Amino acid sequence: MKKNLLYAAGVALVMTACSQAPSTDYNVEYNATAENNGLTAYLMDYDDKDVKLDSTTIVDGKAVFNGTIDAARIARLVINGKPKATFVLEAGNISIDSLGTAAGAPLNDAFEAFNNASDSLRKEYMIVAAKAKNDTTLLAQLETIQNEYTALEEATAAQNQGNPIGYYLFLQKAYQFDGAQLDSALAADSTLLQYKRVTKLVDAAKRKLATSAGNQFTDFEITHEGNTQRLSDYVGKGDYAIVDFWASWCGPCMREAETLKEIYKKWGGKGLEIVGVAVWDEPANSLKAIDDKKLTWKHIINGQNLPTDLYGISGIPCIVVVDPQGMIIARDVRGEDLKQLIDEKLSEKK
């Protein structure tokens, strides 16, 4: 079965990889629900979430878009602020069902073939994983399924270099790439550099490298309700400093806050400063979390995108450890590793 899935997806993708028309009409029809009648449906650019590609009013439970497009691209269909489908906006007649599955144009049919094959492998993996435990035969089967999934994904990406499917699959991995992996991937397919998200990743990789261990910390200032704070108000002042980029809605951030509490209880005021930098968050929510969770160290509120752009941060929590002179000594260290590092450094200083 699995070989047939790989073959079907591969054939569909090979047949369609070069089928985009450079400039022609599209017709997209989405089966909404009657309760959506009168609402506006939008086609949003996946590569730039602020760009509206098209819009229409839902009538008789349907959203119908008509227009021209100079090149195929990944789009999201959004109603009332909620994404309903992610698909390839391309030349031709495209139908999107209530589950968000697009069909009827070459790249979307290829995309659906890949999704069906990958979904089947994921479901099989979950079924086997639920029974595997310490069964060596089942554990080997899991590894086989994982390898088949990787092969499918890699083949799909290779067969779709230069089109939106290849770009979409690239992004599914790219946020976990280090600088060397990113450089290698872009050397293999330079067409990816046409996309805004990719150029942002390249810039973030450079900024991450510049704010990794061995570099002086990068300063910034944030103003909230007339109060201006700088990272340099707390860092590079003769104490070790933990800089925690976090948000109130981020579960891992809140769990890591418990680690920081333990560290601060042990070392706060004894050669250690902790600075929380609230990013991507409503200031009121940040302040409430600080109060509710009793996060008693220093905080910079309303950081939003400025600090994360400067430090090349694509996910939080992100913890940066800075020595008394302002030199970064560790980045992306958490949990027991963070406790051990601080114990070592503060014990040495003491």
Inset, instruction - Kindly provide the set of residues from the stretch 128-172 that are in contact with a Lys or Arg (Cβ under 8 Å, 6 or more places away or on another chain), more than 19 Å from Ser190 (Cβ to Cβ) and in contact (Cβ under 8 Å) with a residue 60 or more places away in the chain, ordered by number. - result: Ile145, Glu148
Legend entry - Scope the stretch 227-279; condition acidic (Asp, Glu) and farther than 22 Å from Gly312 by Cα; matching residues: Asp239, Glu258, Glu262, Glu273
Legend entry - Wholly within the stretch 159-255, helices (runs of 4 or more DSSP H) carrying at least 1 residues that are among the basic types (Lys, Arg), within 21 Å of the chain's Cα centre (by Cα) and modelled with pLDDT under 95: 164-174, 196-210
Legend entry - Selection count where residues are in contact with a helix residue (DSSP H, G or I) (Cβ under 6 Å, 6 or more places away or on another chain) and closer than 30 Å to Glu90 by Cβ, scope the stretch 119-151: 4
Legend entry - Residues located in the stretch 330-348, provided they are part of a loop (DSSP other than H, G, I, E, B), within 19 Å of Asn215 (Cβ to Cβ) and out of contact with any Leu (no Cβ under 7 Å at 6 or more places or on another chain): Asp332
Legend entry - Test set (1) surrounded by 15 or more Cβ atoms within 10 Å (Cβ to Cβ); (2) of a type outside the set (S, T, N, Q); (3) in a helix (DSSP H, G or I) - Asp281 fails condition number: (3)
Inset, instruction - Look through Ala241, Ala247 and report the one residue that is crowded, with 18+ Cβ neighbours inside 10 Å and either among the polar types (S, T, N, Q) or farther than 20 Å from Gln325 by Cα (or both). - result: Ala247
Legend entry - Subset of the stretch 103-118 (residues that are more than 14 Å from Ala91 (Cβ to Cβ) and not in a helix (DSSP H, G or I)): Ala103
Legend entry - One residue from Lys288, Lys261 being surrounded by 14 or more Cβ atoms within 10 Å (Cβ to Cβ), among the basic types (Lys, Arg) and out of contact with any strand residue (DSSP E or B) (no Cβ under 8 Å at 6 or more places or on another chain): Lys261
Legend entry - Lone unmet requirement of (1) assigned to a helix (DSSP H, G or I); (2) over 27 Å from Gly100 (Cα atoms); (3) modelled with pLDDT under 95 for Thr144: (3)
Legend entry - Residue satisfying condition, being exposed (fewer than 13 other Cβ atoms within 10 Å of the Cβ) and out of contact with any Phe, Trp or Tyr (no Cβ under 6 Å at 6 or more places or on another chain), within set Ser212, Ser190, Ser232: Ser190
Legend entry - Pick from the stretch 310-329, criterion β-branched (Val, Ile, Thr) and touching a helix residue (DSSP H, G or I) at 6+ places or on another chain (Cβ under 7 Å), ranking: nearest to Gly214 (Cα to Cα): Val321
Inset, instruction - Filter the stretch 55-73 down to residues that are under 11 Å from Tyr26 (Cα atoms) and either without any contact (Cβ under 8 Å) to a residue 12 or more places away in the chain or acidic (Asp, Glu) (or both), then give me how many there are. - result: 1
Inset, instruction - Determine whether Tyr311 is more than 26 Å from Thr199 (Cβ to Cβ) and surrounded by 17 or more Cβ atoms within 10 Å (Cβ to Cβ). - result: no
Inset, instruction - Pull up the stretch 130-184, narrow it to residues that are closer than 25 Å to Asp203 by Cα and of a type in the set (Phe, Trp, Tyr), then point me to the one that is surrounded by the fewest Cβ atoms within 10 Å (Cβ to Cβ). - result: Tyr175
Legend entry - Given (1) in contact with an Asp or Glu (Cβ under 8 Å, 6 or more places away or on another chain); (2) closer than 16 Å to Trp297 by Cα, index of the condition Thr228 fails: (2)
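The values are calculated or read from the model by the stated rules, or taken from the named source; none is laboratory data. Just so you know, these numbers come straight off a predicted model, no measurement behind them. Neighbour counts are summed over all protein chains in view; Cβ atoms, including those assigned to glycine, are modelled from backbone coordinates with ideal geometry.
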